[in-house]
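This report refers to the structure that appears directly beneath it.
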Amino acid sequence: MSTNFNTSWRTAYGGKYTITLIHGDGVGPELMEHVKAAIRNRLQQKELQEKASNSSKEEQDLKEKLNLLISYTKQLKEQVAKEISVKKCQNRRINIMGEINTL
């Protein structure tokens, strides 16, 4: 008996295996339900992998944007301190208390 599973008669459209359901033997409907469940589970696994990949890319993009916002906020803090120093306090150095590490 040959164990070569690469023959063309074993596969149908898209390289997927053809499943034949034989009615009347008492096993077919139960077996078909298990096959359908296995196919649904496999499709769900693929969807979850795609979502995980997309979410990790999105998370990286959001981290970059957040770091950019933090740097802009720090620059704004420095500009406000200079503005207050020049206009309100006769060029005395002004320190705005508090660090900006997160938004």
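Couple of notes before you dig in:
- Here N91 does not fit the description of being within 40 Å of the chain's Cα centre (by Cα) and open to solvent by 90 Å² or more (accessible area, probe 1.4 Å).
- The listed residue being assigned to a helix (DSSP H, G or I) and either under 30 Å from E99 (Cα atoms) or open to solvent by less than 70 Å² (accessible area, probe 1.4 Å) (or both), out of L31, L68, L43, L48: L68
- Lone unmet requirement of (1) surrounded by 12 or more Cβ atoms within 10 Å (Cβ to Cβ); (2) in a loop (DSSP other than H, G, I, E, B) for K74: (2)
The values are calculated or read from the model by the stated rules, or taken from the named source; none is laboratory data. A quick note: this is a predicted structure, and the numbers were derived from the prediction, not measured. Cβ sites come from the backbone with ideal geometry, for glycine too, and all protein chains shown count toward neighbours. Note: accessible area is taken over every heavy atom of the protein model, side chains too, but ligands, DNA and RNA are not part of it. Shrake-Rupley method; radii C 1.70, N 1.55, O 1.52, S 1.80 Å.
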